[in-house]
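K.L.:
Dumping the structure here so I can ask a few things about it.
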Amino acid sequence: MTKPHTSKVHLSSRHAIELLGQMILIRRFEETCAELYGAEKIRGFLHLYIGEEANAVGVMQALTPDDAVVATYREHGHALARGLPVREVMAEMYGKASGSSRGRGGSMHIFDVNRRFYGGNAIVGGALPLAVGLALADKMQGRNRVTCCIFGEGAAAEGEFHESLNLAALWKLPVLFVCENNRYAMGTAIERSESVIDMCVHAQSYGIPAEAVDGMDVVAVEVAARRMAEEVRAGGGPRFLEDKTYRFRAHSMFDPELYRSKAEVEEWKKRDPIPRFARWLQDAGLLHEADVAVVEKDVARVIEEAVAFAEAAPWEPVEDLLRDVYTPRTDTAVRR
Amino acid sequence: MIEFRMPSLGADMEAATLVEWVKKPGDRLKRGDVIAVVETQKGAIEIEVFNDGVLDEILTNIGEKVPVGRAIATIRGMDEALGPALRAAVPVAAPEKIAPVTAPPEEAARPPPETRVVQAQITPAARRRAQELGVDLAAVKPGLGGVVGLDQVEAARPVIKERPGILFDEMRNAIAAAMARSHREIPHYYVTSTIDVSRLMDWLEAENSRRSVPARLIYAVPLMRAAALALKETPELNGHYEEGRFEPAGRVNMGVAVAMRGGGLIAPAILEAEILDMDELMERLRDLVARVRGGRLRSSELSQGTVTFSNLGEETADSVLPLIYPPQVAIIGCGQIAERPWADHGAVVVRRTLTVSVAGDHRVSDGRRAAQFLTHFQQLLHNPEKL
Amino acid sequence: MTLMRKITYREAVREALKEALECDERVFLMGEDVGRYGGAYACSKGLLQEFGEQRIRDTPLSESGFVGAGIGAALGGMRPVIEIMTVNFSLLALDQIVNNAATLRHMSGGQLSVPIVIRMATGAGRQLAAQHSHSLECWFAHIPGIKVLAPATVADARGMLWTAILDPDPVVIFEHATLYNEEGEVGAEGDLGVDIECAAVRRAGRDATIITYGGSLKKSLAATEQLASDGIDCEVIDLRALRPLDDKAIMASVVKTHRAVIVDEGWRSGSLSAEISARIMEQALYDLDAPVARVCSAEVPIPYPRHLEIAATPQPEAIVGAVRGVMRK
């Protein structure tokens, strides 16, 4: 349960299990997706979040259900941490009508308007202006809530990144920009793409307070995210959080990873956020090994059930092909 | 026993070549272990297993190209005995093949059948019109640019072929439709007059007695002659009303109602009736009636009438209030000539009289104009020798 | 009988904006120089003073940024009217328009609605050379998920903007830059709202149909004057909406006259006129007495010198020639 409006993290046993459980859920979900993709159940592109779980889980802790989340095509973890039903996300991966987006979007376009989860956006940098707009709407309508915009470091090269940061700072909009810096934009290392590889410097050049945090440490992420979200909520304008993280898998499924060494991957795997956190908790006496087994068992069950749900879910009939291009005609009276 | 299949690693991956087995039969396998390396168009990729177990049998050799989905090894459970590979327990059900949706093709109008090869360029509209009219496209002279267009086809409208019976059925249907339309669309008004035609009939009888039988005139002829002349003075009763506009006709193409064999009236036109004298009129009338009886009329006779004259004839009825044939704007109807009481200078006498009605299209003319026509008509009939 | 007034096209735009801003607090105007400057084409003159800078919002030169922000604000419950100064600069925002505005409803399975209006000036005719003279309406009309309008009259400039603001879907409005000074009749204030789906017959005729939109309507009507004196009676159809296209109106006219001439300021290749021609072929082939003719811009970036700009773009003389061609007269 997200504790509202506090930057302190109460690391009770309960909270610890919650964090660990969410990370494990994401990890097993992603692994299952990899298997399903190989079996051609999931098609198109599949971008796995394995290794980066601490970011989504930590950041979501800082947000209320009323806040908004705007993410990228590598968003399964964010969707699950945000509380979207696992079965609906899985059905969406399959393209079934019971999916989060009626199956119309697939892996890269998970939307859930009830949970204020605005995708699922496949153009690098393309969603940043949307986040700015959502925050603008809140400010113009006097609503105090945060729009959390999550993107990779590759977006920093796109013009829309700069335009969005500038607009957010200029108009003092309540946006929490979260840059998940996993060091590779598809196959291009950050050193080969950015003249200034420190993401915080980019943000600061627009006058946006920025901080970097260890993205493999879920508690560190949570602490930083809570603090920054509070500052945004207090009306301080936008904030920028850089999560230094790493993806253990390729950019997408069909990627032989010619651009990085196995040794580097192995090095980072040693900092795997899940066993690292589990070990730390056991050392601190907050967790027993048996607890982890229980969590794994629960997660396995949830995922099995989600897969069964997706397998059995119906396909949208072809006759409905042309729906949802335009809004069906209803009363569109202007509010006088 | 589980079959391990070549996984799909990308939307455009169809197959891969096995380049290395990382595990061998008998090796323990843990979920996530790399089992082999395959070469794809993007490069070498390690493939992993998703089950715990023991690698039982390798089904693919190094260097073999394997399509996605084909079994390349079998994995048995820890407790299973060695044995031949069984089919995979989990059915990999392919999603229902959803046929690609294309917009259904528009129901194209059936093209008119070509009757023969034509050299000229023929527009689609012309082709269709030609079929409607029965025009032979090969005989149509092309217009500007060597193109046979609507104009060229309209100019080549054919003679109606001699097909009695069938032809007249079509005509009757057309007349029925025209009458319904007339009633529906034309605001009719009627002006009626009873005329003393004694003098006319006296003159006619005297005239006919001087003529040979074939040259004799029927009484309708002087009536038609008078009508044609009178119409020249009231152009609002002679012409066509189409698409909201009245086009007065330069000529009086007088449609004459003729009874058809088998019933029904048809009113083919005597063209330029106003310049024909009574002998010529009689000749045309005789010819028309013969051709109606024989089933041979020209389309121009049916379409170019600018007014119609309908004479009930002898021993029929006193008057008639006829319907205008669209797109004409008037029709003149005459009842039978009969002896009737008549007032003449205060005394009641018996005269041969005729009741004539003029129906007019109120969008074009009014009762006053029609009355003027009747007055003039009457005047002409009072001086039959001058017709 | 409503009182008719004569105002200019730009005044008509401003009136519709003002009414919308007054009626609905969710409506706001955003774009470059819409506030302090009063609008690049003076369409928002005075509005900043009246409605304040929250609702008349000057933006930095960030087309992608502020169009995307407008889309996001619409997702967040506002009704933004986004002004992109001209279609020439809209290229920078195509990602937001095509990949977000047009797709969000569909990609989300119907959960999201994007009620934005994007207005932009378009077209050539003022010697602004290649980068400031585009007519790219057809690119936008190509995209399912947005609606595209081209008001060619003063009444439509006012009425269509009003209806567009009410529409729950993204509407892109093209205002031909040469029309802003045009005067025309509109109804009484408060008498607003016209449909945004139907074409209009601006001149009834029987010999040939001229199909056109936006800035080319004037030139087409001028051509019909000349043709009338030669005894050729043209029907002129103002498309008004470029997506969706009003097939019914187009075909009804072509079936009547048997001849079609399309006047489109876009370059001929892959233009809107090509789409309309294809539809006429599909739906009215057997009614045609001549191939469909098209009067479009020449295949050249629009040049600067006046005589070359005129030669490169559709003109009444060319329209007259095209009509004569289909009449074979």
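K.L.:
Could you count how many residues in the stretch C:299-313 are touching a strand residue (DSSP E or B) at 6+ places or on another chain (Cβ under 7 Å) and among the aliphatic types (A, V, I, L, M)?
P.N.:
Residues in the stretch C:299-313 being touching a strand residue (DSSP E or B) at 6+ places or on another chain (Cβ under 7 Å) and among the aliphatic types (A, V, I, L, M): 1 in total.
K.L.:
For A:L136, state whether it is in a helix (DSSP H, G or I), within 11 Å of another protein chain (Cβ to nearest Cβ) and in contact with a strand residue (DSSP E or B) (Cβ under 8 Å, 6 or more places away or on another chain).
P.N.:
Taking the combined requirement at face value, the residue does not satisfy it.
K.L.:
Considering only residues that are at positive phi and among the small types (G, A, S), look in the stretch C:123-137 and name the one that is surrounded by the most Cβ atoms within 10 Å (Cβ to Cβ).
P.N.:
Out of the qualifying residues, it is C:G123.
K.L.:
Out of (1) out of contact with any Lys or Arg (no Cβ under 9 Å at 6 or more places or on another chain); (2) within 14 Å of chain A (Cβ to nearest Cβ); (3) not charged (D, E, K, R), the odd one out for C:L3 is which?
P.N.:
Here C:L3 clears every test but (2).
K.L.:
List the number of the failed condition for B:T17; all other conditions in (1) modelled with pLDDT under 50; (2) among the polar types (S, T, N, Q); (3) more than 30 Å from C:A290 (Cα to Cα) hold.
P.N.:
Of (1) modelled with pLDDT under 50; (2) among the polar types (S, T, N, Q); (3) more than 30 Å from C:A290 (Cα to Cα), only one is false for B:T17: (1).
Every residue, every condition in (1) over 30 Å from C:I56 (Cα atoms); (2) in contact (Cβ under 8 Å) with a residue 60 or more places away in the chain; (3) in a helix (DSSP H, G or I), yes or no:
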| residue | (1), (2), (3) |
| --- | --- |
| A:H162 | no, no, yes |
| A:E191 | yes, no, yes |
| A:V213 | yes, no, no |
| A:V219 | yes, yes, yes |
| A:R227 | yes, yes, yes |
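K.L.:
Can you work out which of the residues in the stretch C:217-271 that are small (G, A, S) and outside any helix (DSSP H, G or I) is nearest to C:A200 (Cα to Cα)?
P.N.:
Applying the filter and picking the extreme gives C:A241.
K.L.:
Of all residues in the stretch C:170-223, which are without any contact (Cβ under 8 Å) to a residue 40 or more places away in the chain, within 19 Å of C:M327 (Cβ to Cβ) and not charged (D, E, K, R)?
P.N.:
Hits for the stretch C:170-223 are C:A204, C:L221.
K.L.:
Can I ask one more? Does B:E236 satisfy the criteria of being part of a helix (DSSP H, G or I), at pLDDT 90 or above, under 16 Å from B:H188 (Cα atoms) and over 28 Å from the mean Cα position of the chain (by Cα)?
P.N.:
Criteria met by B:E236.
K.L.:
Which of the residues that make up the stretch A:117-153 are in contact (Cβ under 8 Å) with a residue 60 or more places away in the chain, surrounded by 23 or more Cβ atoms within 10 Å (Cβ to Cβ) and of a type in the set (V, I, T)?
P.N.:
A:V146, A:T147, A:I150
K.L.:
Does the stretch C:288-307 hold any residues that are within 14 Å of chain B (Cβ to nearest Cβ), under 23 Å from the mean Cα position of the chain (by Cα) and not in a strand (DSSP E or B), and which are they?
P.N.:
Scanning the stretch C:288-307 gives a single hit, C:V292.
K.L.:
I've got another one for you. Would you point out the residue of the stretch B:1-46, among those that are under 60 Å from the mean Cα position of the chain (by Cα) and small (G, A, S), that is nearest to B:T60 (Cα to Cα)?
P.N.:
B:A15
K.L.:
Within the stretch C:53-61, is even one residue within 22 Å of A:L165 (Cα to Cα), touching a residue at least 12 places away in the same chain (Cβ under 8 Å) and hydrophobic (A, V, I, L, M, F, W, C)?
P.N.:
Checked against the condition, which is being within 22 Å of A:L165 (Cα to Cα), touching a residue at least 12 places away in the same chain (Cβ under 8 Å) and hydrophobic (A, V, I, L, M, F, W, C), the stretch C:53-61 yields at least one hit.
K.L.:
Evaluate the following for A:A156: is it in contact with a strand residue (DSSP E or B) (Cβ under 9 Å, 6 or more places away or on another chain), touching a residue at least 12 places away in the same chain (Cβ under 8 Å) and within 30 Å of A:K41 (Cα to Cα)?
P.N.:
no
K.L.:
Would you call C:M78 within 14 Å of chain A (Cβ to nearest Cβ), without any contact (Cβ under 8 Å) to a residue 24 or more places away in the chain and surrounded by 23 or more Cβ atoms within 10 Å (Cβ to Cβ)?
P.N.:
no
K.L.:
Go through (1) without any contact (Cβ under 8 Å) to a residue 60 or more places away in the chain; (2) surrounded by fewer than 18 Cβ atoms within 10 Å (Cβ to Cβ); (3) touching a Phe, Trp or Tyr at 6+ places or on another chain (Cβ under 9 Å) for B:G305 and report which single condition fails.
P.N.:
All conditions pass for B:G305, except number (2).
Conditions (1) touching a Pro at 6+ places or on another chain (Cβ under 7 Å); (2) away from chain B (no Cβ under 14 Å); (3) among the aromatic types (F, W, Y); (4) within 25 Å of A:R247 (Cβ to Cβ), marked per residue:
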residue	(1), (2), (3), (4)
A:S13	no, yes, no, no
A:L19	no, yes, no, yes
A:E30	no, no, no, yes
A:L36	no, no, no, yes
A:H47	no, no, no, yes
A:Q61	no, yes, no, yes
A:G77	no, yes, no, yes
A:K96	yes, no, no, no
A:R104	no, no, no, no
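K.L.:
Would you tally the residues in the stretch C:242-282 being among the acidic types (D, E), surrounded by 21 or more Cβ atoms within 10 Å (Cβ to Cβ) and in contact with a Leu (Cβ under 8 Å, 6 or more places away or on another chain)?
P.N.:
Of the residues in that region, 1 qualify.
K.L.:
Starting from the stretch C:17-42, keep only residues that are without any contact (Cβ under 8 Å) to a residue 12 or more places away in the chain, then list their pairs with residues that are of a type in the set (S, T, N, Q) and buried (at least 18 other Cβ atoms within 10 Å of the Cβ) whose Cβ atoms are within a distance under 7 Å, requiring at least 6 positions of separation or different chains.
P.N.:
Partner pairs satisfying both residue conditions: C:G38/C:S44.
K.L.:
Also, quick follow-up: Does B:R286 fit the bill of being outside any loop (DSSP other than H, G, I, E, B), surrounded by fewer than 21 Cβ atoms within 10 Å (Cβ to Cβ) and within 33 Å of the chain's Cα centre (by Cα)?
P.N.:
no
K.L.:
I've got another one for you. Just for the stretch B:254-272: of the residues that are at pLDDT 75 or above and outside any strand (DSSP E or B), which one is surrounded by the most Cβ atoms within 10 Å (Cβ to Cβ)?
P.N.:
Top of the filtered list is B:P268.
K.L.:
Looking only at residues in the stretch A:220-235 that are among the β-branched types (V, I, T) and more than 16 Å from the chain's Cα centre (by Cα), which one is surrounded by the most Cβ atoms within 10 Å (Cβ to Cβ)?
P.N.:
Once the filter is applied, the top-ranked residue is A:V232.
K.L.:
Now, a different point. For C:I310, are the conditions met, namely being more than 14 Å from chain B (Cβ to nearest Cβ), in contact with a helix residue (DSSP H, G or I) (Cβ under 7 Å, 6 or more places away or on another chain) and β-branched (V, I, T)?
P.N.:
Taking the combined requirement at face value, the residue does not satisfy it.
K.L.:
Within the stretch B:45-66, can one find any residue that is within 14 Å of another protein chain (Cβ to nearest Cβ), in a strand (DSSP E or B), modelled with pLDDT of 90 or more and over 23 Å from A:S107 (Cβ atoms)?
P.N.:
Yes, because at least one residue in the stretch B:45-66 is within 14 Å of another protein chain (Cβ to nearest Cβ), in a strand (DSSP E or B), modelled with pLDDT of 90 or more and over 23 Å from A:S107 (Cβ atoms).
K.L.:
Looking at (1) of a type in the set (S, T, Y); (2) more than 26 Å from B:D196 (Cα to Cα); (3) in contact with a helix residue (DSSP H, G or I) (Cβ under 9 Å, 6 or more places away or on another chain), which one does B:S300 not meet, given that it meets all the others?
P.N.:
(3)
K.L.:
Now, a different point. Can you confirm whether the stretch C:223-236 contains a residue that is modelled with pLDDT of 95 or more, over 20 Å from C:G125 (Cβ atoms), under 22 Å from the mean Cα position of the chain (by Cα) and within 14 Å of another protein chain (Cβ to nearest Cβ)?
P.N.:
Looking for residues that are modelled with pLDDT of 95 or more, over 20 Å from C:G125 (Cβ atoms), under 22 Å from the mean Cα position of the chain (by Cα) and within 14 Å of another protein chain (Cβ to nearest Cβ), one finds at least one in the stretch C:223-236, hence yes.
K.L.:
Output the residues belonging to the stretch C:1-38 that are of a type in the set (G, A, S) and closer than 23 Å to A:A137 by Cβ.
P.N.:
Within the stretch C:1-38, C:A16, C:A20, C:G31, C:G35 qualify.
The values are calculated or read from the model by the stated rules, or taken from the named source; none is laboratory data. What you are looking at is a predicted structure, and each value in this text was computed from that prediction instead of being measured. In this analysis, Cβ positions are derived from the backbone assuming ideal geometry, glycine residues included, and neighbour counts consider all displayed protein chains.
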